[in-house]
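Contents: one structure, followed by commentary.
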Protein chains: 2
Amino acid sequence: MSVDRERILAEASDLLVTEGPHALTMRALARRLGVTAPALYRHFESRERIVVDLVGEAFDTFARYLYRALEGRTPAERFSLTGRNYLAYALEHPRYYELLHASHNLIGVEQLHPEAQQCACAVGQFIVDRVREAMDAGMLKPGDPESVARTIWAHSHGLITIYLRGLLRTDEAGFRRLFLESTWQLMEGIAEPAFAEAMRAEAAAAAADEAGAPPDGVGRPLPVEVGEAPR
Amino acid sequence: MSVDRERILAEASDLLVTEGPHALTMRALARRLGVTAPALYRHFESRERIVVDLVGEAFDTFARYLYRALEGRTPAERFSLTGRNYLAYALEHPRYYELLHASHNLIGVEQLHPEAQQCACAVGQFIVDRVREAMDAGMLKPGDPESVARTIWAHSHGLITIYLRGLLRTDEAGFRRLFLESTWQLMEGIAEPAFAEAMRAEAAAAAADEAGAPPDGVGRPLPVEVGEAPR
DNA sequence: GGACATGGTTAACACCGTAAACTGATGCCG
DNA sequence: CGGCATCAGTTTACGGTGTTAACCATGTCC
């Protein structure tokens, strides 16, 4: 019954998701592992370090969600899948999504940790790449890919955080519709008219058979790889 | 040297802004007031209550920022001022802006407090009203005002939080430019072409004389009305 | 066998929010 | 005026937090 980093992180992850951030205390964590609190300091220098590593895992999973978009065969498909998978991650792992963006508040740390910051940059780069690709394919209006990617990212992120804060009085299904609708409004401005029209149709179709099978290519939920995942 | 609610909130506000949320402890707060911690419970039932009231003040100031937009003489002006003042608040009171959206994390409370939630709704309604007005004036494309307002709100909010997290490698001046540019991209989709063109010109002008006087009508920074403000 | 690293223990420190009991002043009422 | 409640502060204390120090058992290598 060794208590390695892996198992600690797994239990911490579970604690975080099931009981919330404030329940993630060293003593509670140790109790779950059948050990006393100071033992944890053999594996992690501090509680903050645990949270930071958790954030790292959350970012990795996030990245895996996005990377699945590369299974799309056309730039348009990959672009669209990126958006879908972004939303999928946020809705399937809301606590982690919040953790990604609130970590410094939760820990009392001023800045996002450098490695998390770097990971965020990688995610940002991925979106930029999909935007550039879509521009080159004539699907988005020409422009600065970084700037357009930022706009898209900000819009999606903003909408999601507002929803997760409970400020949108709607359930998840309603939010998915709303998200699509809002994204379409944005696309109207940055996409070429032909594609914007296609998106509008797609959105309408999705709204129609919302109770049907999930849109293909989105894939099944991925677990947060932190111990209890396939070993 | 009475220690009324007003003074407590004022000192708590200062502590929050200067030292960060984690520094806002009952003992530290009491020390600043030349008093011991339990004395604070004569005026506030709990620390959480203090934070909630602080959030309330932050929301009030936020609302005052937005309401200044009503000084605009045309719907277009009021619409534009709303966006500017939103940004002004976020940049002049970043800690409060974060507090507005992170309060439940900071306190370990699951949901935003009802009154704060209601205040958030009022702010939302204000934006919806400006959007409706702009639509009626033929400045925005016709559509559902609530939906369009949400899109605008999400975009602004997302961009700002990303910036405040330090994920955009730029300073404040750079961010202001970037914010305008991004907003313009969004407007391209939801505004009527004539107005989008006007905004583009405005953005270009603003970028040109960025070191000049602030655009008229935005007004001077407002203090957070919490004690040290004019009594 | 002895040195040494490893991973756990217990005890303790300083801090946290908060409750209970007590103290001193202040004002009101018979 | 005496008595008494009320208010605003105190001291003390409890159970919680992250973290450290000192100690102890185990296994591994020279």
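Listed values, structure above:
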item	result
Flag for A:Leu70 being more than 25 Å from B:Ala102 (Cα to Cα) and within 18 Å of the chain's Cα centre (by Cα)	yes
Test set (1) within 16 Å of DNA strand C (Cβ to nearest atom); (2) at pLDDT below 95; (3) touching a helix residue (DSSP H, G or I) at 6+ places or on another chain (Cβ under 8 Å) - B:His104 fails condition number	(3)
Looking only at segment B:20-37, and only at residues there that are within 12 Å of DNA strand C (Cβ to nearest atom) and not aliphatic (A, V, I, L, M), the one that is nearest to B:Arg95 (Cα to Cα)	B:Pro21
Unique residue being without any contact (Cβ under 8 Å) to a residue 24 or more places away in the chain, away from DNA strand D (no atom under 16 Å from the Cβ), outside the structural domain of B:Val128 (by TED's automatic domain parsing) and over 30 Å from B:Ser80 (Cβ atoms) when the list is B:Thr36, B:Thr25, B:Thr18	B:Thr18
Verdict on A:Asp171 being out of contact with any Pro (no Cβ under 9 Å at 6 or more places or on another chain) and either at the interface with chain B (Cβ under 9 Å from one of its Cβ atoms) or not small (Gly, Ala, Ser) (or both)	yes
Residue in segment A:43-54 that is of a type outside the set (A, V, I, L, M, F, W, C), more than 8 Å from DNA strand D (Cβ to nearest atom) and within 14 Å of chain B (Cβ to nearest Cβ) present	no
Count of segment A:89-102 residues which are surrounded by 20 or more Cβ atoms within 10 Å (Cβ to Cβ) and either assigned by TED's automatic domain parsing to the domain that holds A:Asp14 or touching a residue at least 12 places away in the same chain (Cβ under 8 Å) (or both)	9
Selection count where residues are more than 22 Å from the chain's Cα centre (by Cα), on the phi < 0 side of the Ramachandran plot and not in a helix (DSSP H, G or I), scope segment B:2-44	9
Residue within segment B:70-92 that is polar (S, T, N, Q) and within 16 Å of DNA strand D (Cβ to nearest atom) present	no
Pair list, Cβ under 6 Å, 6 or more apart: segment B:41-52 residue under 15 Å from B:Glu6 (Cβ atoms), other residue basic (Lys, Arg)	B:His43/B:Arg5
Those residues of segment B:38-80 which are away from DNA strand C (no atom under 16 Å from the Cβ), of a type in the set (A, V, I, L, M) and modelled with pLDDT of 95 or more, in sequence order	B:Leu66, B:Ala69, B:Leu70
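The values are calculated or read from the model by the stated rules, or taken from the named source; none is laboratory data. Model, not experiment: these values are computed from the prediction. Here Cβ is always computed from backbone atoms with ideal geometry, including for glycine, and neighbour counts include all displayed protein chains.
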